[in-house]
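A short worksheet on the structure shown next.
The values are calculated or read from the model by the stated rules, or taken from the named source; none is laboratory data. Given the structure is predicted, the values throughout are model-derived calculations rather than measurements. When we count neighbours, we look across all protein chains shown, and the Cβ atoms used for this are built from the backbone with ideal geometry, even at glycine. Ligands, DNA and RNA are stripped out before the accessible areas are found, and what is left, the full protein with its side chains, is counted by its heavy atoms. Shrake-Rupley method; radii C 1.70, N 1.55, O 1.52, S 1.80 Å.
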Amino acid sequence: TPTNINSSAFGKLFSCTVDGAIYAQPLWVANLKVNGTVHNVVLVATQHDSLYAFDADANPCEPLWQVSLIDSGHGGTGGEVTVPSGTSGYLVGGGDGDITPEVGVTGTPVIDPAAGILYVVSMSMNAAATSFHQRLHAIDITSGAEKPESPVTIAASFPGTGSGGSTVTFDPRMENQRPGLALVGGAVYIGWGSHEDTDPWYGWLIGYTYNGGGFTQTSVLNATPNHRHGGIWMSGAAPAADSQGRIYVVTGNGVFDASSSSQPNDDYGDSMLQLSAALGVLQYFTPSDQATDELYNNDFGAGGAAVLVDLPSSSPVQHLIITGGKDGSLYVLDRDALGGYGDGNAWQEISIAAEGPLASGPPGVLWGIGAVWNDSYYLAGAQQPLTAYRLDPSTAKLSLAGTASAPS
């Protein structure tokens, strides 16, 4: 709370060593019994395809268990390794080094606390680099062991002409599982974008359920099936969901033709999508500068979406969602009327670039997702200070509440 987070009582307590880079957000579970003893536990996944459980309170660090997600006990076929990436010797990407030196677990796992299951996606290949794998695991959080009939090898197809035929197929080598996993209505939803825009790739979202005896693929979406791209990456943010079970993702650069009266009209580049549990598109919002975003690599989908709690019935809009990306605009949208194509359909549009003392830097590029707390929305654009916006329930709009004095 504000009373105990201060310079004298808040800071680093201890550190724990792991075997690879951590791109996925660590997760925390309270009062978990491990080996007969109750602990608060931190679960950490690495790009070396390892998963760790640490005591969250022990100082010095106390490991509780560690597993490899690519050994034979976790679905590996024998001799599997992580996928080389980086600036040399890479087998994914184009040498930019966005992920270095290996790709294993990138997206943040999700935990079903009632079932005691952690869902996580691993990426690996055989030693000869002739076979690539992405698998969804159901992990017992008390031991690191796989649940029965887990993992499942991820595979999917979708109607579309982007690959030259009538169907496009999920490619486990080319697809980057960057966004966090989401657990909505008992289903796990997983998104993918590109490795450094290296073709061919698409924006995929796939849903699975686990019933204790195996996985069932329940839904598949390809965001731009006729033209490729349209990645779902959101700088690591997970798909959002509201109390009605509607799912929200934001796509990156790609062709947009959904407003066209002629087919194909199911390509949603640079758009926010409201989806059903079966991943049908219910509504969408696409900014007016979508074509410019695509042309100049200003991914609308560089940022995630934040669903706000319902406002009072007296508010002009009760159900809000906030998003923004690389183009420097923050959009406050009505979840019940996203509006389709055009900025005029937004309930409110705010220029991130105009805020704060560092506006001479890049134009407020937003990577990631803001945080909502006590009717305030906090975010920090690239080379911008941490900024707070206050939500006024009477207008259902944001106003600038303050900025930090230095970059966050």
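Here are the numbers for this structure:
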{"quantity": "Pairs where the first residue, in the stretch 168-186, is under 11 Å from Trp204 (Cα atoms) and hydrophobic (A, V, I, L, M, F, W, C) and the second is open to solvent by less than 30 Å² (accessible area, probe 1.4 Å) and not in a loop (DSSP other than H, G, I, E, B), C-beta under 7 Å, 6+ apart", "calculated": "Val168/Tyr202; Val168/Asn222; Phe170/Trp204"}
{"quantity": "Residue, surrounded by the most Cβ atoms within 10 Å (Cβ to Cβ), within the stretch 98-132, restricted to residues that are of a type in the set (Ser, Thr, Tyr), within 16 Å of the chain's Cα centre (by Cα) and part of a loop (DSSP other than H, G, I, E, B)", "calculated": "Thr106"}
{"quantity": "Which listed residue, of Tyr331, Tyr296, is without any contact (Cβ under 8 Å) to a residue 40 or more places away in the chain and aromatic (Phe, Trp, Tyr)", "calculated": "Tyr296"}
{"quantity": "Entirely in the stretch 228-335, the strands (runs of 3 or more DSSP E) that have 1 or more residues that are under 21 Å from the mean Cα position of the chain (by Cα) and either closer than 28 Å to Pro26 by Cβ or among the small types (Gly, Ala, Ser) (or both)", "calculated": "247-250, 272-275, 305-307, 320-324, 329-334"}
{"quantity": "Yes/no for Val168 being hydrophobic (A, V, I, L, M, F, W, C), surrounded by 17 or more Cβ atoms within 10 Å (Cβ to Cβ) and over 17 Å from Ala223 (Cα atoms)", "calculated": "no"}
{"quantity": "Residue that is surrounded by the most Cβ atoms within 10 Å (Cβ to Cβ) [pool: residues in the stretch 80-94 that are among the small types (Gly, Ala, Ser) and in contact (Cβ under 8 Å) with a residue 60 or more places away in the chain]", "calculated": "Ser85"}
{"quantity": "Residue within the stretch 177-189 that is closer than 18 Å to Pro84 by Cα and modelled with pLDDT of 95 or more present", "calculated": "yes"}
{"quantity": "Among (1) open to solvent by 20 Å² or more (accessible area, probe 1.4 Å); (2) touching a Pro at 6+ places or on another chain (Cβ under 8 Å); (3) not in a loop (DSSP other than H, G, I, E, B) - the single one Trp28 does not satisfy", "calculated": "(2)"}
{"quantity": "Whichever residue in the stretch 184-195 is open to solvent by less than 40 Å² (accessible area, probe 1.4 Å) and not hydrophobic (A, V, I, L, M, F, W, C) and, among such residues, is farthest from Val250 (Cα to Cα)", "calculated": "His195"}
{"quantity": "Unique residue being among the small types (Gly, Ala, Ser), modelled with pLDDT of 95 or more and farther than 21 Å from Ala380 by Cα when the list is Ala278, Ala291, Ala306", "calculated": "Ala278"}
{"quantity": "Tally of residues being modelled with pLDDT of 90 or more and outside any loop (DSSP other than H, G, I, E, B) across the stretch 349-378", "calculated": "8"}
{"quantity": "Cβ pairs under 6 Å, 6+ apart, first in the stretch 31-44 and in contact (Cβ under 8 Å) with a residue 12 or more places away in the chain, second open to solvent by 40 Å² or more (accessible area, probe 1.4 Å) and charged (D, E, K, R)", "calculated": "Asn40/Asp57"}
{"quantity": "First in the stretch 63-79 and over 17 Å from Ser150 (Cβ atoms), second anywhere and assigned to a helix (DSSP H, G or I), Cβ under 9 Å, 6 or more apart", "calculated": "Gly78/Ser72"}
{"quantity": "Options Asn265, Asn253; residue that is out of contact with any Leu (no Cβ under 7 Å at 6 or more places or on another chain), open to solvent by 10 Å² or more (accessible area, probe 1.4 Å) and either free of Cβ contacts under 8 Å to residues at least 24 places away in the same chain or under 17 Å from Ala240 (Cβ atoms) (or both)", "calculated": "Asn265"}
{"quantity": "Residue check for Tyr389: modelled with pLDDT of 90 or more, more than 25 Å from Gly231 (Cα to Cα) and crowded, with 22+ Cβ neighbours inside 10 Å", "calculated": "yes"}
